[in-house]
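*Asks:* Okay, handing you the structure first.
Each reported figure results from applying straightforward, stated rules to the coordinates on display, with no laboratory input. For clarity, every value in this text was computed on a predicted model and none was experimentally measured. Heads up, the Cβs are rebuilt from the backbone with ideal geometry, glycines too, and the neighbour counts pull from every protein chain shown.
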Amino acid sequence: MSRSSPASSSFNGCAVLPPIISARDKHFLESVYQFIQSEQKAVGCPDNGPDEQRYIIHNVAFDKVIEHATVYKSILTSIKQAYDDCIGAVRKGHKDATFIRGMLKTMAAEPTTLTYSIKRAAQLQERIEIIKKDSAEVDAQIQKIRESRKKQTQSPEEASKKREVNSSTKIPGLTFEESLNPEALTKHLEYLEGKLTEIKQKKNSNYVPLHVKAEVDHKMKQTFEQREELAAENEKLRLRYRQMKLLADAVSSWERSDGNIPLLEFMSPTLKQASELKVTDVAYYSVDSVGFEEDDPLKIKASELLLEYIERFLELFEGGHYEAAAFHAANSPHGVLRNSKTMKRFKAITEYKGKFPPQLLFFQALMISSNAVKHPPDADMSVEGVQCALKHNCLESVVNWVTQKRLTYSEKLAAVLCEFGESKPEINDTCLALAQLVYTHCALHREAALCLCKRGMIHGAIDYVYHCKTFNMDDCLYLLKHCQSPQLLQSLTHKYNGRPAALSVGLTVLSLTSTNIKSFGFQLLENINACGKSVLEQTILNDVMCTPEGWNQIAKKCENSKYSHLAKEIIDILSAQAGVVELSNCAEDAKLVEHIFM
């Protein structure tokens, strides 16, 4: 009887020994089990019960087994697909169950929600009724007040008839003894009659009825319209005069010539020039205006009106009506009163009534006037006005003036805003934002970037630095010296969005260690050294702006400032480079090479 193989014995129903696992397969299975255990431990899978993370880990492990298998790869793939379909069905059932459970909760809560909605609607309806009731009461009170005012509006004659003098009250201006003396009463009566006569005279001389004012306004409007029409007609006549003058001069020139050129041909350029003249061009010819200068009624009238305007301003100013005088000066024709002299006049007033000084009233009037945008006050007036406004806590007005460009921007104006913000930390951010706007308009970019840094907007400052073409190394060092921010230091000495660093690490450390902020420069080296010696080495080797002599100087400064470990690291890196030789400081060695420099 022949010996049967294991495969044939399995078909005969006999027990079959398991196949011998090779060392390679055994090592693979151990790695798979180790992978499963480590991943479950890493994600914190529970020991029992279904878990999504366990399914993902076993799914990956199954994929590894399929990739490792050779003969049974298709069978294992089919088995995995069946498992995935089964798990997908379980997931879908779980998702549907969760959705149905939520729908059931919503349906169960609908009666409660409806009850609360009905209750809320009833509350709102009650409030509406209360509001309607209060509105009706307010309307009734308003109507009552209107009726009482109608009853009070009566003529002076009726009021004087209904007024009754109470003889028991004290007479104003007299003592009790004088009110009982007939002579004193007669004298006081004469005084009152004189005052009454004076008031009636003032009424007749200083006041006019309202209809007279309306008539005067109407006449003034008609006069202004007529003046505009005459001015337009005058400009047309000036243009016609200029054209006729050109033609007359051309004809005179042709008459003085030999007459070889025909008149039409000689006049063609002049005719073209005359046809191209405009009304606005005539104003630039001072020769034409000489003939009209003395007889121009508009200029004579304008000078008279200007004189009256100034006299009116002086009258208001000397009368103590500073607010009216300020608006009068701000809207002066040709800006004759919109100058520093007028502002000094207001500034000289130390005694005044009201919350704000006359100087601030004048500057506010300048900002409100329509000429503020086209003709803002000069730089000195702008600074003085802003200082006065900040002194009286009118920051909102300053914000409005700066953002609407109603001031003349200057470096001094921005400095005033920064100083005021430093004195009041609660509004420092607003003042710095305004100063940044002024600095940017004046092309003072490093001061504008410093304002961003002081506001804590380091990323905005870095973006401003790299997008400003005129920003150089000195400007970056200026930022570091005035804003000792580690984030700013790191950003300026590293690449930014694929662009090279703005500062060299070596030159930055040399510059910072030469000032009173040495620790700030050594902090940069400490941070680089903390990343490893290789990082420090690459920083030194890639720094094309700083020479080995410069790094040697940095090492000496580290040694003198108790950063000996940094000095040693830098010296070791420099000594390890090819072609670098350490020079001795010995006096005898110096004598050996002394003849070279003789």
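*Asks:* Ranking Cys442, Cys453 by Cβ neighbours within 10 Å, fewest first, what do you get? Write down the numbers at each step before the final one.
*Replies:* On the way: Cys442 15, Cys453 23.
Lowest to highest Cβ neighbour count: Cys442, Cys453.
*Asks:* Within the stretch 413-496, report the trypsin sites (Lys or Arg not before Pro) that DSSP leaves as loop and that have at most 13 other Cβ atoms within 10 Å.
*Replies:* Lys469, Lys495
*Asks:* Per 0.36 nm of contour for each residue apart, how much would the distance between Met473 and Leu210 grow if the chain were fully extended, relative to their Cα-Cα spacing? Before the final figure, lay out the partial values.
*Replies:* Details: separation 263, 0.36 × 263 = 94.68 nm, distance 7.24 nm.
87.4 nm is the gain from fully extending Met473 to Leu210.
*Asks:* In nm, what is the difference between 0.36 nm times the number of residues separating Ser78 and Tyr191 and their Cα-Cα distance?
*Replies:* Here the segment from Ser78 to Tyr191 would lengthen by 28.2 nm.
*Asks:* To make sure I understand the rule: partners must be aspartates and glutamates, Cα under 20 Å from the Cα of Lys170, and not fewer than 8 residues away in the same chain. Which ones qualify?
*Replies:* Excluding near neighbours in sequence, the set is Glu178, Glu183, Glu190, Glu193.
*Asks:* Extension gain Ile142-Glu228, at 0.36 nm per residue separation less the Cα-Cα distance, in nm?
*Replies:* 26.1 nm
*Asks:* Apply the Karplus parameterisation 6.51 cos²θ - 1.76 cosθ + 1.60, with θ equal to phi minus 60°, to every residue of the stretch 228-237 and state each ³J(HN,Hα) to the nearest whole Hz, in sequence, with x for glycine and proline.
*Replies:* Going residue by residue, I get 5, 5, 5, 5, 5, 5, 4, 5, 4, 5 Hz, with x marking Gly and Pro.
*Asks:* Lysines near Lys200 by alpha-carbon distance under 25 Å, same-chain residues fewer than 8 away left out - which ones?
*Replies:* Leaving aside lysines fewer than 8 places away in the same chain, those within reach of Lys200 are Lys161, Lys162, Lys187, Lys213.
*Asks:* Dividing the convex hull volume of the Cα atoms of the stretch 339-434 by its residue count, what figure in Å³ per residue is obtained? Before the final figure, lay out each step's value.
*Replies:* Numbers: hull volume 9.1 nm³, N = 96.
Here the figure is 95 Å³ per residue.
*Asks:* Using a Cα-Cα cut-off of under 14 Å, which aspartates and glutamates could be cross-linked to Lys73, ignoring same-chain neighbours fewer than 8 residues away?
*Replies:* Within the straight-line limit of under 14 Å, Lys73 reaches these aspartates and glutamates: Asp63.
*Asks:* Could you give the distance between the Cα centres of the stretch 329-344 and the stretch 71-87, to the whole Å?
*Replies:* If we compute the Cα centre of each part, the gap is 93 Å.
*Asks:* In the stretch 309-375, how does Rg compare with the Kirkwood Rh, expressed as the Rg/Rh ratio over alpha carbon atoms?
*Replies:* Using only Cα positions, Rg/Rh for the stretch 309-375 is 0.94.
*Asks:* Here is a follow-up. My understanding is that a pair violates if its Cα-Cα distance is over 30 Å; which of Lys144/Lys195; Lys481/Lys562; Lys41/Lys495; Lys495/Lys533; Lys221/Lys405; Lys41/Lys533 do that in this structure?
*Replies:* From the list (Lys144/Lys195; Lys481/Lys562; Lys41/Lys495; Lys495/Lys533; Lys221/Lys405; Lys41/Lys533), the Cα-Cα distance tops 30 Å for Lys144/Lys195; Lys41/Lys495; Lys221/Lys405; Lys41/Lys533.
*Asks:* Using the Cβ atoms and a cut-off under 10 Å, what net charge is assigned to the surroundings of Ala184, where Lys and Arg are +1 and Asp and Glu are -1?
*Replies:* Overall, the nearby charge balance is -2.
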